[in-house]
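Heads up, the thing below is written out as structure tokens.
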Amino acid sequence: MISESEARGEIVRLSKSLFDRGYSVGTAGNISCLVEDGILITPTNSSLGFLDPDRLSKVSRDGRHLSGDKPSKEIFLHRAFYDSRAAAGAVVHLHSTYCTALSCLADLDPNDCIPPLTPYVVMRVGTVRLLPYTRPGDPGTAKLILQLEGKFAAVLLGNHGPVVSGTSLQSAVAAAEELEETAKLLMMLRSLPVRLLGDQDVADLRKHFPQA
Ligand code: 13P
């Protein structure tokens, strides 16, 4: 696990990178990572492009605010991933355009809402569940994530956007980018006949690139 000061720097650096490339607009999105004695998370209503490392919120694993500005209202989602998925060391929530567009479609398969279009989405993200719409910051959303028992690295929140976990901040951000790119391809290809990867291709990828 990286030190708290490194983690503060990495959250600010990666958040700015996501903001600068349009993955987050306004004050949408939040990022967290585990540190030795708790969770560091972006403050509520902050822009990911303009974070101050010293003002990031620190919260205990059981949700008590320890220091910094008031934590993201989505702290419940982040904690649900940490509590249910042993491999989760960082969590990224975005309202990135194509994932959010996808999350508004009426005919998505809630059990597998990102079909295996390309190898990298299988390797970096895996199967993605679509959760029913809940209000931003609704603690009840955490229950929906806990019910998945840590089997999925990422979920799409209905009419809202993705939540992606990774072993580190870098891997969670990379997976969130890969997921957004795949959502973009799925939207581009929506009216065209698509050839997905076959079951054997997916099994082969999972064998050669097992997810943490
Ligand atoms: P916060 O500003 O509380 O982090 O919420 C932003 C967001 O993305 C809500 O879903």
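Read-outs throughout are calculated quantities, based only on the coordinates presented, and are distinct from any laboratory measurement. Just so you know, these numbers come straight off a predicted model, no measurement behind them. So basically every Cβ, Gly included, is an ideal-geometry build from the backbone, and we count neighbours across all protein chains shown.
What is the order of Met187, Met1, fewest Cβ neighbours within 10 Å to most? Mind dumping the intermediate values first?
Values: Met187 15, Met1 11.
Arranged by neighbour count, lowest to highest, Met187, Met1 become Met1, Met187.
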> Any idea how far apart Met123 and Asp83 come out in nm if each label point goes 7 Å out from Cα toward Cβ?
Replying inline: 3.5
>> Output needed for the stretch 33-85: three equivalent-ellipsoid semi-axes, defined as square roots of 5 times the C-alpha gyration tensor eigenvalues, in descending order, whole Å.
In response: 18, 12, 9
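Can you give the Rg/Rh ratio of the stretch 95-212, where Rg is from the C-alpha atoms and Rh is the Kirkwood radius?
On the way: Rg = 13.8 Å, Rh = 14.6 Å.
For the stretch 95-212, the value is 0.95.
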> Which ordering of Glu36, Glu4, Glu178 is given by a fewest-first count of other beta-carbon atoms within 10 Å?
Replying inline: Glu36, Glu4, Glu178
> What percentage of all Cα-Cα pairs in the chain are separated by more than 21 Å?
Replying inline: 50
> Of the peptides 60-72, 154-166, how do they stack up when ordered by the mean number of other Cβ atoms within 10 Å, highest first?
Replying inline: 154-166, 60-72
>> For the stretch 43-154, place one equal point scatterer on every Cα, skip the solvent, and apply the Debye formula. What is log10 of I(q)/I(0) at q = 0.18, 0.22, 0.24 Å⁻¹?
In response: -1.07, -1.41, -1.51
> What is the list of residues in the stretch 137-171 whose amide nitrogen lies under 15 Å from a point 7 angstrom out from the Cα of Arg21, following Cα to Cβ?
Replying inline: 169-171
>> For the chain, take the longest principal axis of its alpha carbons; what is the angle in degrees between that and the long axis of helix 75-84, to the nearest 10 within 0 to 90?
In response: 70
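Using Cα-Cα distances under 8 Å and only pairs 6 or more residues apart, what relative contact order does the chain have, in percent?
With pairs under 8 Å counted, the relative contact order is 21 percent.
In the chain, what is the count of Lys pairs whose alpha carbons are under 18 Å apart, counting only pairs at least 8 residues apart or on separate chains?
Details: Lys58/Lys70; Lys58/Lys73; Lys73/Lys143; Lys143/Lys151; Lys151/Lys207.
Step by step, the pairs that qualify in the chain add up to 5.
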> Under the Karplus relation 6.51 cos²θ - 1.76 cosθ + 1.60, θ = phi - 60°, what is the ordered set of whole-Hz ³J(HN,Hα) values for the stretch 196-212, x standing for Gly and Pro?
Replying inline: 7, 5, x, 4, 5, 5, 5, 4, 5, 5, 5, 5, 7, 10, x, 7, 5
> What whole number of Å gives the distance from the Cα centroid of the stretch 1-48 to the Cα centroid of the stretch 145-212?
Replying inline: 21
